[in-house]
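First up is the structure itself, then whatever we jot down about it.
The values are calculated or read from the model by the stated rules, or taken from the named source; none is laboratory data. It should be emphasised that the depicted structure is a prediction, and the values quoted were computed from it without experimental measurement. Glycine also receives a Cβ, built like all others from the backbone with ideal geometry; neighbour counts cover every protein chain displayed. For accessibility, only protein heavy atoms count, side chains too; no ligands or nucleic acids. Shrake-Rupley method; radii C 1.70, N 1.55, O 1.52, S 1.80 Å.
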Amino acid sequence: PIPQSLQTQEPAEYLDSQVLLLESPAVAQRAASLADTTLQSKSLSASDFSVPGGSVSITPPEGAAAGAYGSSIISVAFTAPSARVAQVGANSMLQAFDGVRSATMAAQFKNAIAGIDNTIGKTTNPTQRATLQSQRTQQLVNEELDLAQPPVIAWAIQPTGPVSGGLKRAGAIGLVIGLVLGAALAYVRASRRRGFIDRRDPAALYGVPLIGEIPAFEAEKAL
């Protein structure tokens with residue numbers, strides 16, 4: 001949901017800002033801490049939750065253009081050697097985002113209210129003070145409303161099998177098939193050229209000069 005203080009912002013722009021927050025170092029660090037606590041080990045670090053280069057991938061809505069995703073659904077995937085770690089990694093990323101989002105909004109409201117309080121302290125005009133007090137009250141209401149509306153999260157379930165772990169294997173198989181096909185094509189081509197086309201071919205083939213003169217081929221005579 002778009003916060004009350006950002007209701008005038010375009011939905012696509014707001015979603016872009018949330019994707020950037022999801023990819024931020026603050027979310028990565030918190031996600032690593034949450035994952036290690038859940039797994040009771042130090043198997044994951046902030047670099048595993050970095051985008052790009054880590055084990056996490058964030059997919060905006062299909063068909064959306066960069067800078068204007070135009071939807072409110074974001075997909076988060078986490079690649080790991082085991083199903084348990086993959087599930088914990090994805091859920092830790094989502095939980096960290098929710099926490100950092102709430103903390104960021106709370107900090108913004110705190111700064112805004114502190115600025116209003118500072119202005120109230122310097123204002124002697126009763127009308128201006130009343131207006132500032134109204135703004136302060138509205139900021140407090142907006143904070144309560146925004147923090148009470150967290151994003152809707154569909155938590156990851158533990159996968160029963162690999163989802164997309166065959167890329168390296170497929171690449172290796174493709175390389176082997178390519179080598180086999182290349183060798184087969186080279187053999188076929190060589191088998192179709194059992195004769196010599198140029199009188200210098202025998203010397204080039206054996207790597208030594210030949211004793212005797214080889215007559216010019218018919219193709220060479222024509223030239």
### Message
Name the residue that is nearest to ALA77 (Cα to Cα), counting only residues in the range 1-26 that are of a type in the set (S, T, N, Q) and either assigned to a loop (DSSP other than H, G, I, E, B) or open to solvent by 60 Å² or more (accessible area, probe 1.4 Å) (or both).
### Response
SER24
### Query
Quick one: how many residues across the range 27-42 are outside any helix (DSSP H, G or I) and within 11 Å of GLN95 (Cα to Cα)?
0
### Task
Could you please find all residues in the range 118-129 being surrounded by fewer than 12 Cβ atoms within 10 Å (Cβ to Cβ) and either in contact with a strand residue (DSSP E or B) (Cβ under 9 Å, 6 or more places away or on another chain) or assigned to a helix (DSSP H, G or I) (or both)?
ASN118, GLY121, LYS122, PRO126, THR127
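One line per residue, one yes/no per condition, for (1) at pLDDT below 90; (2) out of contact with any His (no Cβ under 7 Å at 6 or more places or on another chain); (3) farther than 30 Å from ALA112 by Cβ:
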{"site": "GLN4", "(1), (2), (3)": "yes, yes, no"}
{"site": "PRO25", "(1), (2), (3)": "no, yes, no"}
{"site": "ALA35", "(1), (2), (3)": "no, yes, yes"}
{"site": "PRO52", "(1), (2), (3)": "yes, yes, yes"}
{"site": "THR59", "(1), (2), (3)": "yes, yes, yes"}
{"site": "GLY63", "(1), (2), (3)": "yes, yes, yes"}
### Message
Being open to solvent by less than 20 Å² (accessible area, probe 1.4 Å) and under 10 Å from SER57 (Cα atoms) is the filter here; which residues of the range 79-93 pass it?
### Response
ALA90
### Message
Here is a check on your reading of the model: is ARG136 open to solvent by less than 60 Å² (accessible area, probe 1.4 Å) and of a type in the set (Lys, Arg)?
### Response
no
### Message
If TRP155 meets every condition in (1) open to solvent by 70 Å² or more (accessible area, probe 1.4 Å); (2) more than 19 Å from LEU22 (Cα to Cα); (3) at pLDDT below 90 apart from one, which number is that one?
### Response
(2)
### Task
Scan the range 94-111 and give yes if some residue there is open to solvent by 50 Å² or more (accessible area, probe 1.4 Å) and more than 22 Å from LEU20 (Cβ to Cβ), otherwise no.
no
